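A short worksheet on the structure shown next.
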Amino acid sequence: MSILLVDIGNTRAKWAVLRGERLSAPRALAHRDGHARFAALVAAAPRDVERVIAVSVMGQKFERALAAAVRARFRLRTEFVRSSRRAAGVRNAYRDVWRLGADRWVGVIAAHALAGRRPALAVSVGTALTVDAVAGDGTHLGGAIAAGPDTMIASLLSGTQGIRRRAQGSRKGARRSRGLFAADTASALDAGAAFAAAAFVDRACVEARAAFGASPLLLLTGGAALALQPYIKSAFRVVPDLVLRGLAVLASADRR
């Protein structure tokens, strides 16, 4: 049996196919065109799909578009994952479980599965920068949310006049260096956002180490994770399909 797994993020949708315990390489597409793009996603899936499991941060409009495409091709009901009190050996720390984004919840489940008995930090770097800590016994400590690097820059460009004017014309040719001190405004924006985001991640590692009494396994995911890697001091592992792996853990748990 093949299971289609779909992760609908703020700008892209990722998907993979689970066959037994084997997860395919992830694929992705921008979803701004809505229904037509989801139809293309579903059309690219193999014919033997017998189940579709998805998680979305984009609300009911996008969920309905995916569900309609799945129903049209496979005559299946799409199963959308919601945050819960417990799942796959992980206990949600939020008092109101629905307030934890389902994508973060699934990422925590994946982090716990990858870390085994070791504590872990699931870090997603995208439009938002999120950090969630989970103990080796599956206890979710909670998390923190900040603006992602590009969101930081966009906020400054939209909220200021002087910075925006001085950055205009130089942003296209701006080169992101690994040094903090830049010689033009556009590069200074890039440097400030990158170093701020990396410092947030490194401080989360320090806080997690103090809470757990051991160094956590730091897992990076998200569309902007690659660009942030050179700035992070802590040891880390990049898992581009972390949320899809979490969906696979949930799917496998359901079959047991």
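The values are calculated or read from the model by the stated rules, or taken from the named source; none is laboratory data. The structure presented is a predicted model; accordingly, all values stated were derived computationally and were not measured. Neighbour counts run over all protein chains shown; Cβ positions are idealised from the backbone, glycine included. Remember, those area values only see protein heavy atoms, side chains included, never the ligands or the DNA or RNA. Shrake-Rupley method; radii C 1.70, N 1.55, O 1.52, S 1.80 Å.
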*asked:* Step by step: first the residues of the range 216-234, then only those that are part of a loop (DSSP other than H, G, I, E, B) and at pLDDT 95 or above, then the one that is nearest to Arg178 (Cα to Cα). Which residue is that?
replied: Ile232
*Condition check for Ser170: at pLDDT below 90, open to solvent by less than 70 Å² (accessible area, probe 1.4 Å) and among the polar types (S, T, N, Q)*: yes
*asked:* When you scan the range 10-19, do you find a residue that is farther than 14 Å from Gly246 by Cα, polar (S, T, N, Q), open to solvent by 60 Å² or more (accessible area, probe 1.4 Å) and in contact (Cβ under 8 Å) with a residue 24 or more places away in the chain, even just one?
replied: yes
*Report, by residue number, each residue of the range 30-65 that is modelled with pLDDT of 90 or more, under 19 Å from the mean Cα position of the chain (by Cα) and of a type in the set (D, E, K, R).*
Glu63
*Give the residue, chosen from Arg245, Arg237, Arg203, Arg209, that is crowded, with 22+ Cβ neighbours inside 10 Å, of a type in the set (D, E, K, R), under 22 Å from Leu141 (Cα atoms) and at pLDDT 95 or above.*
Arg245
_So, Leu76, is that one surrounded by fewer than 20 Cβ atoms within 10 Å (Cβ to Cβ) and either modelled with pLDDT of 95 or more or in contact with a strand residue (DSSP E or B) (Cβ under 9 Å, 6 or more places away or on another chain) (or both) or not?_
yes
_Residue, most open to solvent (accessible area, probe 1.4 Å), within the range 86-105, restricted to residues that are touching a strand residue (DSSP E or B) at 6+ places or on another chain (Cβ under 6 Å), of a type outside the set (Asp, Glu) and not in a strand (DSSP E or B)_ = Ala93
*Failed item, numbered, when Ser83 is tested on (1) without any contact (Cβ under 8 Å) to a residue 40 or more places away in the chain; (2) assigned to a helix (DSSP H, G or I)*: (2)
